[in-house]
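Asks: There's a structure below that I have some questions on.
The values are calculated or read from the model by the stated rules, or taken from the named source; none is laboratory data. Predicted model, so just to flag it, every value in this text is computed and none were measured. Methodologically, a virtual Cβ is constructed for each residue, glycine included, from the backbone with ideal geometry; neighbour enumeration extends over all protein chains shown.
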Amino acid sequence: MSAMEMPKPQAEHGFLERMVGTWEVTSTSMDNAETWTEVCRSLNGIWFVAEGNGEMPGGGGPATTMLTLGYDPAKGKYVGSWLGTMMTYLWVYEGELSADGNTLSLYTTGPDFAEEGKMGDYREQITFTDIDHRTFTSSARQPDGSWKQFMQADYARKR
């Protein structure tokens, strides 16, 4: 039996490589008096892990988030997950990059924030406006199939 061949980064991993670094995060859905920090690192150019740390709004205390992203050549899709200490649900993503190469759209299903016990469809988008600035937006699918944005976080590279 031959040893498993280590995967090599694909062209698609280039978008994820842009996320590596330390970022200052402000959000329209959080109290901007408390700035979050996110540190994103690369695992051999194949997987990217971003850990966010900050204070929850309204005195909710410290929180940590973890975003994992990669590209699965067999699926032809970006894949990943998100978890946060403020909830027990593990969000699982699958998505694609825009034609201009600046927006990664990730699709997931999770708890409906409006209706307890119900699940909803969501789209997260990571958009680079330049090498040192990006946004993360969350939208919920509406009954008519459209997407309604409910959160935006702005990222500025610290290093």
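Asks: Looking only at the range 137-151, count every residue that is closer than 16 Å to SER27 by Cα and either among the aromatic types (Phe, Trp, Tyr) or touching a Phe, Trp or Tyr at 6+ places or on another chain (Cβ under 7 Å) (or both) and tell me the total.
Replies: 3
Asks: Could you list, ordered by first residue, the pairs with Cβ atoms under 9 Å in which the first is in the range 54-67 and under 11 Å from THR35 (Cα atoms) and among the small types (Gly, Ala, Ser) and the second is modelled with pLDDT of 90 or more and surrounded by fewer than 12 Cβ atoms within 10 Å (Cβ to Cβ), at least 6 apart or interchain?
Replies: What qualifies is GLY54/PRO62.
Asks: Quick one: which of GLU38, GLU94 is part of a strand (DSSP E or B), under 19 Å from ARG159 (Cβ atoms), at pLDDT 95 or above and not small (Gly, Ala, Ser)?
Replies: GLU38
Asks: Take the residues in the range 65-88 that are surrounded by 13 or more Cβ atoms within 10 Å (Cβ to Cβ) and among the hydroxyl-bearing types (Ser, Thr, Tyr); name whichever of them is farthest from GLU5 (Cα to Cα).
Replies: Residue satisfying both the conditions and the ranking: THR85.
Asks: A follow-up question, please. Checking the conditions here, which among ARG134, ARG123 is charged (D, E, K, R), more than 22 Å from GLY21 (Cα to Cα), touching a Phe, Trp or Tyr at 6+ places or on another chain (Cβ under 6 Å) and buried (at least 17 other Cβ atoms within 10 Å of the Cβ)?
Replies: ARG123
Asks: Report the residue count in the range 43-61 for those that are crowded, with 16+ Cβ neighbours inside 10 Å and either touching a Pro at 6+ places or on another chain (Cβ under 7 Å) or in a loop (DSSP other than H, G, I, E, B) (or both).
Replies: Number satisfying all stated conditions: 2.
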